[in-house]
Structure formats: C-alpha cells, structure tokens
1. Got a sec? Which of SER112, SER94 is of a type outside the set (Val, Ile, Thr), surrounded by 18 or more Cβ atoms within 10 Å (Cβ to Cβ) and more than 13 Å from LYS2 (Cα to Cα)?
2. What are the pairs with Cβ atoms under 8 angstrom where one residue, in region 64-84, is over 15 Å from ILE104 (Cα atoms) and outside any helix (DSSP H, G or I) and the other, located anywhere, is open to solvent by less than 40 Å² (accessible area, probe 1.4 Å) and among the β-branched types (Val, Ile, Thr)? Sequence gap at least six, or different chains.
3. Considering region 85-109 alone, what residues qualify as being closer than 15 Å to LEU37 by Cβ, assigned to a helix (DSSP H, G or I) and touching a strand residue (DSSP E or B) at 6+ places or on another chain (Cβ under 7 Å)?
4. Looking only at region 17-36, which residues are over 22 Å from VAL77 (Cβ atoms), of a type outside the set (A, V, I, L, M, F, W, C) and surrounded by 14 or more Cβ atoms within 10 Å (Cβ to Cβ)?
Amino acid sequence: VKTRRIYNKPEADDGFRILVDRIWPRGIKKNDIKIDLWQKDIAPSSLLRKWFNHDQRKWDKFKRNYYEELKHKQELVKILLEKAEKGTITLLYSSKEEKYNNAIALKEILQSKL
C-alpha cells in the first residue's frame, strides 16, 4: 500500500490507483489523470476533515475518529484490502500536507489488516 499526491506524475509501480478524497482535486480534469477508482465515500466525513484541517497536533485524535468512522464502512475497506492482496495499490490524495492526511491514516489501517 502506497500513498501519492494526485498532482504528482504517476509512477510505473503505482499498481491500482485509488483516489480517497471526498472532493475532486482542484484544477484536474477527470480525463487528464490516471485513476482506477474514486473511493470518495471512504474519506473522512466533512465535519471531521474540516475539524482536523491537517493540524499535526490533532493527528492522533483525527486517526481515532476516522477509524471509528471506517467501522461503518467495512465494505469499502474490504474492497481496498482485496485490491491490496492482489498487488500494489496507491492511495491518492490532493492535500499539500504529505505526512498528516487521510490517505496516510487509511494506509496505516489497511496495513494493520493485511
């Protein structure tokens, strides 16, 4: 399971590319980017995303709350796990913040279940 900012050029070893943001990235046309799946419903709720606002001090609490939300989205998590068991998946995100974002949190939980 890898993560990559959607604005970065795709790499040959990305495998199955999944956008995990609720909102389509600004400035990108759907035909101009290589994604295999847009899994917007696996993203954190708008309320949680706005509260967190990529604030490093809120990271641990954000992850706990996000994981709690994911408990109600097990079918979506299962899809990602099945893809990861077959090969590399890359979780795509649009945030400028590369260490504290929902794709990183999602990667951690997926890897703990693989």
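The values are calculated or read from the model by the stated rules, or taken from the named source; none is laboratory data. Here the structure is a predicted model, which is why all the values come from computation and not from measurement. For neighbour counting, all protein chains shown are included, and Cβ atoms are generated from backbone atoms with ideal geometry for every residue, glycine included. The accessibility values were calculated without ligands, DNA or RNA, using every heavy atom of the protein model including side chains. Shrake-Rupley method; radii C 1.70, N 1.55, O 1.52, S 1.80 Å.
1. Working: SER112 fails: surrounded by 18 or more Cβ atoms within 10 Å (Cβ to Cβ).
Only one candidate qualifies: SER94.
2. Taking only residues 6 or more apart or on different chains, the pairs are LYS73/ILE42.
3. Of region 85-109, the ones closer than 15 Å to LEU37 by Cβ are 86-93, 103, 106.
From what is left, the residues that are assigned to a helix (DSSP H, G or I) are 86, 103, 106.
Once the filter is applied, which keeps residues that are closer than 15 Å to LEU37 by Cβ, assigned to a helix (DSSP H, G or I) and touching a strand residue (DSSP E or B) at 6+ places or on another chain (Cβ under 7 Å), region 85-109 yields ALA103, LEU106.
4. Going through region 17-36, the residues over 22 Å from VAL77 (Cβ atoms) turn out to be 25-34.
With of a type outside the set (A, V, I, L, M, F, W, C) added as a condition, the list becomes 25-27, 29-32, 34.
Scanning region 17-36 gives a single hit, PRO25.
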